[in-house]
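This report concerns only the one structure given below.
Just so it is clear, none of the values below were taken in a lab; they were calculated from the coordinates. Values in this document were obtained by computation on a predicted structure and should not be read as measured data. Cβ coordinates were reconstructed from backbone atoms using ideal geometry, including for glycine residues, and neighbour counts include every protein chain displayed.
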Amino acid sequence: MLVRHILIYILALLIGGLNGCRAKTDVRNDGEEETTATTKKKASSDDDDDDSDEDDDTDDTTADDGDDFGDDPSLFYFRAATGTTTNGDIVVTLDYPSDTTSYNTVEIRWVEEGTAPVAACNGGADGVRSVSAPFADQVTITLNTATDSLAAGTIYSLRACVKDGGGTVLQNPTDLIVPSKGTFYYIFVSSATYDGNLKAYGATGNLGADNRCQTLATAASLSGTYEALISGDLEDANAKVTIGTANLYNLAGDKIADDDTDLWDMTIDKAIAYTETGAVATNTTVWTGSANDGTLNSTPCVGAAHWVSNGGGVSARTGLATSATGTWLQNTNQTCNNSFALYCIQQ
């Protein structure tokens with residue numbers, strides 16, 4: 001009997017030990033499953049983060065698109081440039097927004113010189129080219145002498161007028177001062193001033209003045225050769241510089257003269273008035289040594305030659321940069337110890 005009780009006790013111990021081992025195994029498995037679940041949750045959380053990032057990216061992209069285009073009917077891009085093939089050409093580029101449902105027509109309007117067509121887009125004297133649907137992507141349009149009556153070598157100002165079906169102007173951006181294909185010249189008032197000894201800048205007074213003009217033009221990134229419009233003992237201004245049959249403009253896009261004859265007829269169309277950078281000239285008294293027809297006036301800043309003295313006992317004729325009458329060349333005599341501007345003309 002005793003042996004039987006002992007065997008039952010031992011068997012109970014063995015069964016209890018086995019249950020203890022099974023419990024530990026279950027705990028370990030639970031732990032592994034929990035770790036796996038946590039990993040999955042972390043992975044799911046990472047996925048959510050990724051999704052969130054993707055959503056953010058999508059939102060950002062949409063926002064950017066909205067900033068660029070969206071429902072805004074504004075032209076994304078409007079530019080005009082001188083053509084490269086035929087005289088009189090101006091090439092206009094229009095880049096339309098993604099939504100042009102409100103568009104009925106786009107009118108390209110232009111006028112001569114530096115003042116743009118009126119913002120109301122109704123100027124009776126404007127040149128007009130109308131563009132109709134479809135308004136898709138970027139469009140290049142060439143204005144020219146044949147179809148649009150543009151004049152070669154002439155400065156134009158342009159405006160793009162976007163209109164809806166009722167004729168209401170939705171947008172009216174400008175692109176100013178665009179020369180049509182052809183020959184034309186610029187003239188400016190030097191931003192710097194000089195006394196009467198212009199020979200200090202070159203072999204002669206005239207050449208010294210030319211050097212000053214070219215230096216300023218180069219610094220302002222103006223292409224071509226620039227010379228001083230000035231008379232001296234070497235030659236008269238009207239022989240020294242020439243524009244032939246081309247138009248002459250200031251740096252604001254105002255036409256100064258139609259050709260040589262117009263330039264030297266004692267008046268000009270508009271005052272020169274602007275410097276090489278396009279700024280309004282503040283130094284408006286200009287050395288010219290000239291009468292109002294471009295011929296030599298007296299003996300400017302004379303020493304051994306003209307334009308070699310900065311003494312107070314000699315003088316030279318000056319012009320007025322704000323004038324379009326004969327005083328643009330012949331205004332007052334000034335002593336040569338003063339410092340004044342120069343007229344610089346493209347050649």
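Some points to look at:
- Region 323-330 - phi-based ³J(HN,Hα) in whole Hz, Karplus 6.51/-1.76/1.60, Gly and Pro as x: 9, 10, 8, x, 6, 4, 10, 10
- Efficiency of FRET between Thr140 and Thr218 - r from beta-carbon atoms, R0 45 angstrom, step 0.05: 0.90
- Of the beta bridges in region 155-280, as assigned by DSSP with both residues counted there, near 75 percent are antiparallel.
- Converting phi to 3J(HN,Hα) with the Karplus coefficients 6.51, -1.76 and 1.60 and the offset θ = phi - 60°, region 286-294 yields 10, 5, 10, x, 10, 7, 6, 9, x Hz in sequence order, with x at every glycine or proline.
- On the principal axes of its alpha-carbon atoms, region 106-153 has extents of 31, 26, 16 Å, going from largest to smallest.
- Cross-link check: pairs Lys181/Lys270; Lys163/Lys255; Lys181/Lys240; Lys199/Lys270 evaluated at a Cα-Cα cut-off of 24 Å; pairs beyond the cut-off: Lys163/Lys255; Lys181/Lys240; Lys199/Lys270.
- Separation of region 67-141 and region 232-249, taken as the distance between their Cα centroids, equals 38 angstrom.
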